[in-house]
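Working notes, beginning with the structure itself.
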Amino acid sequence: SNFSHAIVRRPCRRLIEGITTNPQLGKPDYELALEQHDDYVAALEGAGVEVTVLPALEGYPDSVFVEDTCVITPKGVVVDIPATDSRRAEAELMLPTLREFFSPDQIKRLSAPATLEGGDVMMVDDHYYVGRSSRTNDEGFRQFAGFLAEWGYTAEQVPVEHILHLKTGGTYVEDGNLLVSGEFKAAPAYRRGQFRNVFEVPDEEAYGADCVRINDKVIMAAGYPRVQAQLEEWGYDVATVDMSEYRKIDGSITCLSLRW
Ligand code: CIR
C-alpha cells in the first residue's frame with residue numbers, strides 16, 4: 001500500500017496504569033516510553049509518511065494506542081466503540097482530527113451495543129479479517145461489515161481466544177506474506193491458499209508477529225531476530241523500534257498509529 005499519513009498520540013503519565021494481562025512484566029517507565037514513542041514517530045517518518053502527533057490525554061491511560069479508535073480504509077473511516085469503560089471515549093476524542101482529513105460522508109459510526117477495536121481488524125487487500133474477541137463483538141462485526149460492503153469490501157470473523165486482539169497474533173505485510181503466531185497458526189480462515197507465504201512465528205518471538213508495513217518499509221519491535229530474518233528474506237527493508245514499555249501493557253507496534 002501507499003501511505004501518506006499517520007496519526008499518533010503522545011503517551012500520558014497515567015500510561016503506567018494501562019490495562020494489562022501481563023502485570024508480571026512490571027509497570028512501564030514513562031520517560032523510556034516517551035523515548036520509544038519518539039523513535040516510533042521517526043520510523044514512520046523514515047517510511048515516508050507525514051505524522052500528526054496529538055497531545056497526550058491525561059484522563060486516558062491507554063490513549064497512546066490510537067489504532068483502537070477507528071479503522072481507516074482507502075474508501076472511508078469507521079469510528080470504533082472500544083469495549084472497556086476506561087477507553088470508550090477515546091474514539092469520540094479522535095473525531096475532530098479525523099474530520100480534518102476526511103469528509104463527513106467518509107466517516108461512519110458504529111452504534112451500541114456494537115463494540116469494535118482496530119487491533120482486531122486486519123486488511124488483506126479488499127478483504128478484512130475481524131477478530132471476535134473480548135473487545136470486538138458480533139454486532140460490531142455486523143455493522144462494520146455492512147459499511148465495508150458499501151465500499152466494495154468483504155469481511156469475515158476470526159475467533160480470538162487467548163490473546164487481546166487479532167493482530168496481536170499476526171499481521172499481513174502484503175505481497176501475499178502473512179506472519180502468524182500462537183492460536184492463529186491453525187486458524188481455518190488463514191488456510192485457503194490466499195497467502196503466498198505464511199511464516200509461523202516461534203512462540204518465544206510471538207510478540208514480534210505484529211508488524212507495520214508502510215510503503216517500502218516494515219516496522220517491527222526490536223529483539224525478534226527470527227521474525228526480522230524472515231522479513232529480510234522476503235526482501236523487506238526492516239526498521240526496528242524498542243517496544244519494551246508498551247509491551248508491558250499489551251501494546252503492539254501497530255497499536256501506536258493510524259495509517260492511510
Ligand atoms: C488495552 O488493553 O486496551 C491496552 N492496554 C492495549 C491496547 C493494544 N492495542 C492494540 O493491540 N491495537
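The values are calculated or read from the model by the stated rules, or taken from the named source; none is laboratory data. Computed from a predicted model, the values in this text were never measured in an experiment. Cβ atoms come from the backbone with ideal geometry, glycine included; neighbour counts cover every protein chain shown. Note: accessible area is taken over every heavy atom of the protein model, side chains too, but ligands, DNA and RNA are not part of it. Shrake-Rupley method; radii C 1.70, N 1.55, O 1.52, S 1.80 Å.
Residues in segment 195-216 that are touching an Asp or Glu at 6+ places or on another chain (Cβ under 9 Å) and surrounded by fewer than 19 Cβ atoms within 10 Å (Cβ to Cβ): 3 in all.
Given Pro74, Pro61, which one is open to solvent by 10 Å² or more (accessible area, probe 1.4 Å), away from the ligand (no atom under 11 Å from the Cβ) and not charged (D, E, K, R)?
Only one candidate passes the filter, namely Pro74.
In segment 170-191, the residues that are closer than 21 Å to Phe3 by Cα reach residues that are among the aromatic types (Phe, Trp, Tyr) with C-beta atoms within less than 6 angstrom, at least six apart or across chains, in these pairs: Gly170/Phe184; Gly176/Phe195; Asn177/Trp234; Leu178/Tyr172; Leu178/Phe195; Leu179/Phe199. For segment 235-260, a tally of residues being away from the ligand (no atom under 12 Å from the Cβ), touching a residue at least 60 places away in the same chain (Cβ under 8 Å) and among the charged types (D, E, K, R) returns 2. Considering segment 119-133 alone, what residues qualify as being part of a strand (DSSP E or B) and either hydrophobic (A, V, I, L, M, F, W, C) or farther than 21 Å from Ser252 by Cβ (or both)? If the condition is that a residue be part of a strand (DSSP E or B) and either hydrophobic (A, V, I, L, M, F, W, C) or farther than 21 Å from Ser252 by Cβ (or both), then Val121, Met122, Met123, Val124, His127, Val130 are the ones that fit.
May I ask you to verify whether Glu100 is more than 16 Å from the ligand (Cβ to nearest atom), under 21 Å from Val41 (Cβ atoms) and among the charged types (D, E, K, R)?
So Glu100 passes the test.
Looking at Tyr30, Tyr60, just one residue is over 19 Å from the mean Cα position of the chain (by Cα) and over 29 Å from Val124 (Cα atoms), and that residue is Tyr30.
With respect to being without any contact (Cβ under 8 Å) to a residue 24 or more places away in the chain, surrounded by fewer than 18 Cβ atoms within 10 Å (Cβ to Cβ) and touching a helix residue (DSSP H, G or I) at 6+ places or on another chain (Cβ under 6 Å), Glu232 falls outside the description.
Conditions tested, residue by residue: (1) within 13 Å of the chain's Cα centre (by Cα); (2) assigned to a strand (DSSP E or B).
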{"residue": "Lys167", "(1), (2)": "yes, no"}
{"residue": "Asp175", "(1), (2)": "no, no"}
{"residue": "Glu183", "(1), (2)": "no, no"}
{"residue": "Ala189", "(1), (2)": "no, no"}
{"residue": "Gln194", "(1), (2)": "no, no"}
{"residue": "Phe199", "(1), (2)": "no, yes"}
{"residue": "Gln228", "(1), (2)": "no, no"}
{"residue": "Ala239", "(1), (2)": "no, yes"}
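Out of Gly131, Gly48, Gly140, one residue alone is small (Gly, Ala, Ser), under 23 Å from Ile219 (Cβ atoms) and within 16 Å of the ligand (Cβ to nearest atom). It is Gly131.
Out of segment 134-152, which residues are open to solvent by 20 Å² or more (accessible area, probe 1.4 Å) and either in a loop (DSSP other than H, G, I, E, B) or in contact with a Phe, Trp or Tyr (Cβ under 6 Å, 6 or more places away or on another chain) (or both)?
If the condition is that a residue be open to solvent by 20 Å² or more (accessible area, probe 1.4 Å) and either in a loop (DSSP other than H, G, I, E, B) or in contact with a Phe, Trp or Tyr (Cβ under 6 Å, 6 or more places away or on another chain) (or both), then Ser134, Arg135, Asn137, Trp151, Gly152 are the ones that fit.
Being open to solvent by 50 Å² or more (accessible area, probe 1.4 Å), at pLDDT below 95 and either closer than 28 Å to Pro74 by Cα or of a type outside the set (A, V, I, L, M, F, W, C) (or both), is that true of even one residue in segment 240-247? No, segment 240-247 contains no residue that is open to solvent by 50 Å² or more (accessible area, probe 1.4 Å), at pLDDT below 95 and either closer than 28 Å to Pro74 by Cα or of a type outside the set (A, V, I, L, M, F, W, C) (or both).
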